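Peer 1: I'd like to ask some things about the structure below.
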Amino acid sequence: MEKLIAKIMQKKELSSLSKSFVEKILKEVISEKKDFFSELEKKNYNPKSKEYKFFVKEVRKRLRVVYGSFDEDKESVKKLIDEKKYDEALKKHVSTRERLPFYGEFLELISGKKIMDLGCGLNPLAFKKEYIENYLAIDIGQEVELVNRYFENEKIRGDAKLLDLSDKSVVRELVNVSANFDVCLMLKLVDTLESTTRDITDELLKMKCKKIISFPLQSIGGKKIAPQRNWFKKKAGKYDRKVIGNEEFFIVE
């Protein structure tokens, strides 16, 4: 299985992900395709087998859905950050590109300058130094290095960390420090985490500060998504709701 995980992570955009997280997604696929995996084991993980190719392709696809993706390699985005072309950098990531025209309206939802951003992507690049007193950004991929580069360039008091938010123990540790922040952002995060860790939303909602949680109203392919999510509304209890662009935001105090 180690060689299979290594093969999955050979893709440049997946190489910086946590190995334990990749293994978790692989085991999720294996649990759904047990017979297929048994065949792969019988073939001694033969890289040329259809089973091997299936698992590599399927896990990579799910990983891209979970963490988002860049249109270009990390070095190209890093260059834009070093040139302080932050809007151009934001356009290179799927989630922030579609949010870019609406950041002004989105920022109006935020009160306070101490920000925790879970599943941050490149979102911190939209925050100017004068709006930040302290910024803790969490993600599982190459965005962490890029966000730290932005903080360093702009001399912002911030820290981006590589953590697996599908791990409930990690979320609980963040809950313990959340009282030090004014707001916790979880943008297009909850759906994907629930797909790997059931009921992790219950832990996320324990954050001891204002929570801004968003869901997509449109898939990456452009298909409309019905804004129901009654399961989340029931868990959240009291909330304010606002639609901005192609995102549905819930503000939970």
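The values are calculated or read from the model by the stated rules, or taken from the named source; none is laboratory data. Predicted model, so just to flag it, every value in this text is computed and none were measured. Note: ideal-geometry Cβ built from the backbone for every residue, glycine included; neighbour counts use all protein chains shown.
Peer 1: Output the residue which, of all residues in the range 68-90 that are buried (at least 18 other Cβ atoms within 10 Å of the Cβ) and either aromatic (Phe, Trp, Tyr) or not in a helix (DSSP H, G or I) (or both), is modelled with the lowest pLDDT.
Peer 2: Once the filter is applied, the top-ranked residue is Phe70.
Peer 1: Still on this model: Hey, among Lys242, Lys234, Lys155, which residue is more than 24 Å from Ile25 (Cβ to Cβ), surrounded by fewer than 17 Cβ atoms within 10 Å (Cβ to Cβ) and without any contact (Cβ under 8 Å) to a residue 12 or more places away in the chain?
Peer 2: Lys234
Table: residues versus (1) buried (at least 19 other Cβ atoms within 10 Å of the Cβ); (2) of a type in the set (Gly, Ala, Ser); (3) under 19 Å from Glu75 (Cα atoms).
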| residue | (1), (2), (3) |
| --- | --- |
| Gly121 | yes, yes, yes |
| Leu125 | yes, no, yes |
| Glu130 | no, no, no |
| Tyr135 | yes, no, no |
| Gln142 | yes, no, yes |
| Phe151 | yes, no, yes |
| Asn176 | no, no, no |
| Cys184 | yes, no, no |
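Peer 1: Follow-up. Suppose the filter is within 20 Å of Phe249 (Cα to Cα), outside the structural domain of Leu17 (by TED's automatic domain parsing) and in contact with a Gly (Cβ under 7 Å, 6 or more places away or on another chain); does Ala137 pass it?
Peer 2: Here the answer is yes, as Ala137 does meet what is asked.
Peer 1: Right, next: Any idea which of Ala226, Ala179 is modelled with pLDDT under 90 and hydrophobic (A, V, I, L, M, F, W, C)?
Peer 2: Ala226
Peer 1: On to the next question. I'd like to know if the range 109-117 contains one or more residues that are closer than 25 Å to Asp240 by Cα and in a helix (DSSP H, G or I).
Peer 2: No; the residues of the range 109-117 include none that is closer than 25 Å to Asp240 by Cα and in a helix (DSSP H, G or I).
Peer 1: Can you work out which of the residues in the range 129-154 that are in contact with a helix residue (DSSP H, G or I) (Cβ under 9 Å, 6 or more places away or on another chain) and under 15 Å from Leu107 (Cα atoms) is modelled with the highest pLDDT?
Peer 2: Only one residue tops the list, namely Tyr135.
Peer 1: Considering only the range 15-34, I want to know if a residue exists there that is of a type outside the set (D, E, K, R), closer than 30 Å to Ser76 by Cβ and either surrounded by fewer than 15 Cβ atoms within 10 Å (Cβ to Cβ) or in the same structural domain as Thr192 (by TED's automatic domain parsing) (or both).
Peer 2: Yes, there is a match, as at least one residue in the range 15-34 is of a type outside the set (D, E, K, R), closer than 30 Å to Ser76 by Cβ and either surrounded by fewer than 15 Cβ atoms within 10 Å (Cβ to Cβ) or in the same structural domain as Thr192 (by TED's automatic domain parsing) (or both).
Peer 1: Return yes or no: is Phe232 under 26 Å from Glu98 (Cβ atoms) and either touching a Lys or Arg at 6+ places or on another chain (Cβ under 9 Å) or modelled with pLDDT under 90 (or both)?
Peer 2: In short, no.
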